[in-house]
Amino acid sequence: MDLGSNFSAKLEPFLLMAKPRSIQDATSAPGVLVFSELLELPNIQELGKSEQHSKFLSLLQLFAYKTYQDYVQHKDALPPLNNAQITKLKYLSIVSLASERRILPYPLLLASLDMPNVRELEDLIIDAIYQDIIRGKLDQKEEQLEVEYTMGRDVEPGKVGELLEALRSWASTTAEVLTTLDAKITAIANEAATTKTLQGEYDRALQQTLKEVHDRQNNKGAGSSSGGNYTSHRRERAERERDREMGMDVDEPGEGRGGGKSRKVSQDSVSKPLRKKNKF
């Protein structure tokens, strides 16, 4: 529910009376914070023509458009206010201040609302938040009120033009911001597309380089294996030649001093001369 959406309904009982007393009751009643419908009634407007009752019309205008400081400055021309009226007027004064700036420092609020200390100021702000008059948060460290949203107050007739001009300025500023955001979004999208393309080209080049390195390593390994087999065959052939030569040295007789090794002849194989045996 929007802030202030039910405030007009709470004013309806006072529209039926439309007397000076109804103004006092309306400005004192809890939850009644908008007064334009009551101000527009002919009977209420007629009060301005009476010197005796004109101050009640001024009182209603005070609550509709003005602030607590306006009351302090024109207190003598207004009926005295009770505590409920003073508190309500301070609530409405916070709304008016928030319409000019989103951050409200405590010193500004203390001076504008004539609050004796920070504790009572914070209690007043918390009550306004609970009554859906404003939305925001208290920053006790920085001593300020950060306003997020407020109810809408009645617009003073002479300030409608100023309000329209403010709305036009806001609409123009918003359009410029949206145009800037659209341009930035387009630039970011284009940059992302370019980055994606470059990344793809880099990945393809990297894969091609890795494939070439892998192929070179495979070719080099195949060459090393072939050379090793050839060397092994030569070694085996040389060993076979050496074994054959050694076998020939063992089986063939030597030829003189210059030829090969001479084989030693066994003494048992040489025939001994027969000797004649004498009989005695």
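For segment 198-211, backbone phi angles converted through the Karplus equation (6.51, -1.76, 1.60; θ = phi - 60°) give residue-by-residue couplings of 5, 5, x, 5, 5, 4, 5, 5, 5, 5, 5, 5, 4, 5 Hz, Gly and Pro being listed as x.
Of the listed peptides 24-30, 76-82, what is their order by residue-averaged count of other C-beta atoms within 10 Å, with the highest listed first?
Values: 24-30: 17.3, 76-82: 12.6.
The most tightly packed comes first, giving 24-30, 76-82.
Treating r as the C-beta distance of A192 and E100 and R0 as 41 Å, the FRET efficiency rounds to 0.50. Loop-located trypsin sites (Lys or Arg not before Pro) across segment 120-198 with a Cβ neighbour count of 12 or fewer within 10 Å are K141, with loop assigned by DSSP. Note on D25 and R242: the extension gain reaches 64.7 nm, defined as 0.36 nm multiplied by sequence separation minus the Cα-Cα distance.
Taking 0.36 nm per residue of separation and subtracting the current Cα-Cα distance, fully stretching the chain between A111 and E40 would add 22.3 nm. Distant-in-sequence amide contacts of R135, defined by a placed amide H-H separation under 5 Å and a gap of 5 or more residues or a different chain, comprise E148, Y149, T150.
Amide H contacts of Q144 (H built 1.01 Å from N, in plane; Pro and chain starts excluded): Y106, D139 sit under 5 Å, all sequence-distant by 5 or more or on other chains. Per residue, how many Å² of accessible area does segment 53-175 show with a 1.4 Å probe? Counting only protein heavy atoms, the per-residue value for segment 53-175 is 57 Å². Binning the alpha carbon pair distances of segment 80-238 at 10 angstrom intervals from zero yields the distribution 8, 19, 15, 12, 8, 7, 7, 6, 6, 5, 4, 2, 0, 0, expressed in whole percent. Working from label points 7 Å from Cα in the Cα-to-Cβ sense, the N83 to R135 distance is 3.2 nm.
Residue-wise HN-Hα couplings along segment 181-190, as the Karplus relation 6.51 cos²θ - 1.76 cosθ + 1.60 with θ = phi - 60° gives them from phi, are 5, 4, 5, 5, 5, 5, 5, 5, 5, 5 Hz; Gly and Pro carry x. In this label model, Q199 and Q69 are separated by 5.6 nm, measuring between points 7 Å along each Cα→Cβ vector. Stretching E212 away from V160 to a fully extended chain increases their span by 10.9 nm, per 0.36 nm per residue minus the current alpha-carbon distance.
Measuring against 24 Å, Cα to Cα, the residue pairs K90/K159; K137/K159; K55/K88; K66/K159 contain K137/K159 as the ones spanning a longer distance.
The values are calculated or read from the model by the stated rules, or taken from the named source; none is laboratory data. Computed from a prediction, not measured in an experiment: that's the story for all the values here. Quick reminder, even Gly has a Cβ in these numbers, built from the backbone with ideal geometry, and neighbours come from all protein chains shown. The area values use the complete protein model at the heavy-atom level, side chains included, leaving out ligands, DNA and RNA. Shrake-Rupley method; radii C 1.70, N 1.55, O 1.52, S 1.80 Å.
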